[in-house]
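Notes follow once the structure below has been shown.
Please treat every number below as a calculation from the coordinates, not as lab data. These numbers were taken from a predicted model, which means no experiment stands behind them. With ideal geometry, Cβ positions are generated from the backbone for all residues, glycine too; neighbour counts draw on all protein chains shown.
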Amino acid sequence: MLRYLLRRLFYAVPILIGVNLITFALFFMVNSPDDMARMQLGVKRVTPEAIAQWKAARGYDKPLFINESATALQQVTDTIFFDKSMRLFAGEFGRSEDGREIGQEIRQRMGPSLAIALPTFVIGLGLTISLALMLVLFRGTWLDRTGVVLCVGLMSISSLFFIIGGQFVFARVLKLVPISGYESNPWTAWHFLVLPVAVSIVAGIGGSTRWYRTIFLEEIGRDYVRTARAKGLSDARVLFGHVLRNGLIPILTGVVVVIPSLFLGSLLVESFFGIPGLGSYTIDAIAAQDFAVVRAMVFLGSVLYLVGLILTDLSYTWVDPRIRLK
Amino acid sequence: MLATLCLPVLAGCGSEWNDPYPSTERGNNKIYTSFSERPKHLDPAIAYSNSEIGFIAQIYEPPLQYHYLKRPYTLIPATLEAMPEIRYFDQSGRPASEATPADQIGRTVYRMKLRGGVQYQPHPAFSQNPDGTPRYMNLDGRQARAVQGAAGPMALADPGTRLLKAQDYVYQIKRLAHPAVQSPIFGMMGEHIQGLQALSDEIKAQIAAQPGVWVDLDPLPLPGAVAIDDRTLEITLNGKYPQFIYWLAMNFFAPVPREVDQFYGQPALRRSNVRIDTWPVGTGPYMMVHNNPNSRIELARNPNFHDERYPCQGEPGDAAAGLLESCDAKLPLIDGVVFSREKESLPYWNKFLQGYYDESGISSDSFDQAVRVTVTGDVNVSPAMAAQGIRLQTSVRTSVYYLGFNLLDPVVGGKTHEEQRRAKLLRQALSIALDQEEFISIFLNGRGQPGMGPIPPGIFGHQSGQAGMNPVVYTWKDGAPQRRSIKEAKALLAQAGWPDGRDRQTGRPLVLNLDTTSGGLGDKSTMDWMSRQLNQIGVQLVVRSTDFNRFQEKLRKGSAQMYFLGWNADYPDPENFFFLLYGPEGKVAHGGENTANYNNPEFDRLFRIMVNMPNGPARQNVIDSMLRLVREDAPWIYWFYPKTYVLQHSWLQNFKLNNVASNTLKYERVDADRREALRQEWNKPLLWPFAVLVAGVLALLWPAVRAYRSRSGLDAFGNRVRGD
């Protein structure tokens, strides 16, 4: 197991270098350091000297990949790519182009993102699995058909509609919760979180329930289920004790991988509900041509995704004792 | 289910369950407003956009400010005893007068006397140990952690204060030259303030000698900014630059004490994002007490604010509008300001309607809900808004939006004299064909005034009525300007060598290219409308949409043909608009702001004269001549002057739109009791529909529960084995 983990971590290094390289190339394909300077300095009264000074202060006056004026190893190390991207491997996120410490910013924004994403994930997962099992229990009946139609209906509606509709009905008309806002105090923040969490769960019910239903339908027809029923086990025990357990592998494939990424938040929900999370951090940075933040967030996203994949592999051994990681 | 569980807890929130503010804030004397874009910079040497100045203008005090009520905009002292004393000296250093020709002036000296007793807000940078040394200059680990919260440096105990000194202004002017600060106005001020450029070179040398070490600007000499004594400041400019007085009302010239710069220079604070760029320190009416730019920024009354009074004079109509009721009251009139971040317009609008914001702009989506335009063109709030006591204020902004022509382009600019003559006629024809009145009506809900020249209303030089009409595009008929006909536009087009939109020689159609960025004025519907307008005279339009960077690059290289741009006034002087057409400001040749690359020697000559004249009939005459030239040459189509529409709740008092000053929150006042009563009335939770909804969900689940229970009681043959 340990050797397997080390090998996976070793594989992650070239992947992360590749991700960095692609991010770097794509970013600088559409934005030159001059463009970045102009964006940061504003469009009013910006002189070429100010642009040159901005670039020099942040190291953007160097060549992108190869520094032909340098010698030996410095030809590679004295470049924007090495300066900006390779430091990430040492855990140094650096400063955003407007001078803020990115690590501090991520730490500050992670809490609010998790406050939405974690309950949405946990409650949503529990609810959709339960609903899927219920539909499977009543498969072929009008309850199942109605449930599937409702799921397709929910899937067909844009999540933006749920957000705007939820805000209008529960916050504007019924006045039960604030329309938007956030407080860092967990004892008072919850009443800002109820609506975005509920809306996120409802927006995800349709797709997830249908998917899980398909998984469980495959399981419910198997021999072990018939045996369990023949033993006289109750429906609840058959569903939650056997069908769910055996259907977990495909569920875990899709679910565990997103757990680490929960930190990164949700763009739409955070924007509309005024949650100061990480959801919009990358998008705002792209709009502001803030390469420092873009590279840091892409790197973080890649690391979390790789961690998610490793966790997924580990989770297989937990639900299926036949699987061994070598 | 989740919401049901939460309901009993919500009941504990009091009468307004949807209140986005802590219950402890109810009934307090604060203003609640919002911001959509997080401020990038709060450093007074850097901040230049409205989203930044809106905050720091309440905290910092430059020497001058604009009168809150008077129009035209009038400069008055802020931290000064009186307006600056301005002295001129000729090239050989002998005293000269204001009437001396500008090219003979060698230097101009602004001498300013500070008011006594102006103190800084409480701040740890001023805290001292008993021996007089700074208390918080080397923060320990616990202190460094404490400042990482939303209260920032204000979390440190026992903040100190001190009196404002002339040296603080000098220090800030020196900061403009600091290469690490990167002030956007350094390039321009380096030309005007004596010795600023040399100071920058000296700072660079010090940084190169000791990288990473905080540079003390105090010992570095700057002949252009000198503190004669603690209360007397002298700024010396090269030559004559009369518009400098307006810069003295901007944040770039606000005081920054040396000890504050040193305090924020500590590595422990910089690592925690606690910098002068995030935690301003000033002498103004408010101080920052909470800064989370992702959600909430809060200002509180500065307990040390000096004695400043609400004005007792304004323009006609101010008394009737109740704007003089607070005459001579001590400022500020409210205890604080809460800015909440709203990235989306819909939640922001709904919270305004619920009373959780005191004032609001109007987005296009909400316009019909908020405003009614009468048949006579009067604008009022809708009956629903009126029922809530909401009032509307409108004002034409000191901004101009224009469609520029790149005069280096062979078609719309021309190279030879004959080509230039033809291109001018073409531009005039286009100016007539593109109907701004229709544009404003369709796309702006009437929130704009058709442009007649580069100078918007509210700026000296702008004239209304027939005197201010653009005769190239309009004729005066029945007491109002009337757009010239399409027939006249076609005639001009034919004179330009493009009869019916085709080249007289070759017969090829006239195709014009409009360079835009996506969004804003480059939207598809707008472009479709423009194409239709130009089709009326047989001209074809090609829209070249691109991203912001490429668009700017096209302007810099002169490869654009037509483009939309706008300009907001830095200060209320015609120079700030005419310089956009001044030859030496040409974008391609000089990298300036004249994106049309307009180059008319006569206009440039008049510009140089106008710049140095005081406002008065003589200056107006020169301005009229300049306007005649630019209307005739039509380097721009003067598109529109935007109008601001602001809705305010009945409890917000002393609110008057101001397009130039940003430090206006100190004048506003709220009737907190009325606000609280109305918020309660408007936000009573409605429970029965929610109960119906919950019952509906349960009703949906009930058949499943029943079916499950009945299944559970059957054996393999369907017989009931357990009674229920």
Q. Cα centroid distance between the stretch B:43-66 and the stretch B:268-322, in Å?
A. 9
**Q.** Those lysines that a straight Cα-Cα span of less than 20 Å connects to A:K84, excepting residues fewer than 8 apart in one chain
**A.** A:K55, A:K62
Q. At 222 nm, what helix-only mean residue ellipticity would chain B give, in deg cm²/dmol to the nearest 500, using -39500 (n - 2.57) for each DSSP H run of four or more?
A. -8500 deg cm²/dmol
Q.
Positive end of the dipole of the stretch A:185-321, charges at C-beta (+1 Lys, Arg; -1 Asp, Glu), about the Cα centre: which of A:Y305, A:I275, A:V194 has its Cα farthest in that direction?
A. A:V194
Q. Can you tell which of B:T100, B:S712, A:P178 lies farthest toward the positive end of the dipole of the protein assembly as shown, using +1 and -1 charges on the Cβ of basic and acidic side chains (Lys, Arg; Asp, Glu)?
A. B:S712
Q.
So for each of B:221-234, A:2-15 I average, over its residues, the number of other beta carbons within 10 Å; can you give me the resulting order with the highest mean first?
A. B:221-234, A:2-15
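Compute the length gained on full extension between B:K330 and B:Q262: take 0.36 nm times their separation in residues and subtract their Cα-Cα distance, giving the result in nm to one decimal.
On the way: separation 68, 0.36 × 68 = 24.48 nm, distance 3.31 nm.
Length gained between B:K330 and B:Q262: 21.2 nm.
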Q: Please report the relative contact order for chain A, taking Cα pairs under 8 Å with a sequence separation of at least 6, and give it as a percent rounded to a whole number.
A: 24
Q: With a point put 7 Å past each Cα toward its Cβ, work out how far A:T77 is from B:S23 in nm, to one decimal.
A: 6.1
Q: Starting from the alpha-carbon convex hull of the protein assembly as shown, give the projected area averaged over all orientations, in nm².
A: 52.5
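What ranking do B:Y474, B:Y73, A:Y224 get, fewest neighbouring Cβ atoms within 10 angstrom at the top? Kindly include the intermediate steps, with their values, before the conclusion.
Working: B:Y474 18, B:Y73 21, A:Y224 12.
Result, fewest neighbours first: A:Y224, B:Y474, B:Y73.
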Q. If R0 is 56 Å, what FRET efficiency do you get for B:T506 and B:N129 from their C-beta distance, rounded to 0.05?
A. 0.10
**Q.** Student exercise, the protein assembly as shown dipole from Lys, Arg, Asp, Glu Cβ charges, in Debye to nearest 20
**A.** 3220
Q: Just need the relative contact order of chain B here, percent rounded to a whole number, with Cα pairs under 8 Å and 6+ apart.
A: 17
Q: Using a 10 angstrom cutoff on alpha carbons, build the Gaussian network for chain A and name the most mobile of A:G308, A:G124, A:G254.
A: A:G254
Q) Over chain A, how many percent of alpha carbon pairs lie in each 10 Å bin up to the one with the longest distance? A) 5, 19, 24, 23, 16, 8, 3, 1, 0
Q: In whole Hz, with x marking every Gly and Pro, tabulate ³J(HN,Hα) for the stretch B:225-232 from phi via Karplus 6.51 cos²θ - 1.76 cosθ + 1.60, θ = phi - 60°.
A: 9, 9, 8, 5, 8, 4, 10, 10
Q. Roughly how big is chain B's charge dipole about its Cα centre, with Cβ charges of +1 (Lys, Arg) and -1 (Asp, Glu), in debye to the nearest 20?
A. 1500
**Q.** Calculated Rg and Dmax of the stretch A:177-319 using C-alpha coordinates, Å
**A.** 20.1, 64
**Q.** Per-residue HN-Hα couplings for the stretch A:96-112 [Karplus 6.51, -1.76, 1.60; θ = phi - 60°; Hz; x = Gly/Pro]
**A.** 6, 5, 8, x, 8, 5, 5, x, 5, 5, 5, 4, 5, 8, 5, x, x
Q) What's the center-to-center distance, using Cα atoms, between the stretch B:365-391 and the stretch B:400-416 in Å? A) 40
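Among B:L581, B:L678, rank each residue by its count of other Cβ atoms within 10 Å, from fewest to most, as a rough exposure measure.
So the residues, fewest neighbours to most, are B:L678, B:L581.
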Q) What residues have an amide H closer than 5 Å to that of B:V371, excluding those fewer than 5 places away on the same chain, when H is modeled at 1.01 Å from N in the peptide plane? A) B:S382
Q. Out of A:L41, A:L306, A:L252, any idea which swings most in a Gaussian network model of chain A, alpha carbons joined below 10 Å?
A. A:L41
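Using only Cα atoms, figure out Rg for chain B and give it as a multiple of 2.2 N^0.38 Å.
Working: Rg = 30.5 Å, N = 724, 2.2 N^0.38 = 26.9 Å.
So chain B has a normalised radius of gyration of 1.14.
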Q.
Quick check: Cα centre of the stretch B:133-204 to Cα centre of the stretch B:593-609, how many Å?
A. 38
Q: Among the lysines, select those whose C-alpha is under 18 Å from the C-alpha of B:K165, and discard any that sit fewer than 8 residues away in the same chain.
A: B:K113, B:K174
Q. Normalised by the number of residues in the stretch A:138-266, what is the relative contact order in percent for Cα pairs under 8 Å and 6+ residues apart?
A. 23
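Once you charge only the Cβ atoms, +1 for Lys and Arg and -1 for Asp and Glu, what is the size of the charge dipole of the stretch B:164-289 about its Cα centre, to the nearest 20 debye?
Details: 10 positive and 12 negative charges, 62 e Å.
In total the dipole reaches around 300 debye.
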**Q.** ³J(HN,Hα) computed for each position of the stretch B:475-482 - Karplus, 6.51 cos²θ - 1.76 cosθ + 1.60, integer Hz, glycine/proline x
**A.** 10, 8, 9, 6, x, 8, x, 10
Q) Under a straight-distance cross-link criterion of Cα-Cα below 17 Å, which lysines are reachable from B:K490, leaving out those fewer than 8 residues away in the same chain? A) B:K424
Q. What is the fewest-to-most order of B:S295, B:S382, A:S280 by other Cβ atoms lying within 10 Å of their Cβ?
A. B:S382, A:S280, B:S295
Q | Residue among A:L264, A:L217, A:V294 farthest towards the positive dipole end of the stretch A:197-322, charges placed on Cβ | A | A:L217
Q. Which value does Rg/Rh take for the stretch A:63-109 over its C-alpha atoms, Rh per Kirkwood?
A. 1.12
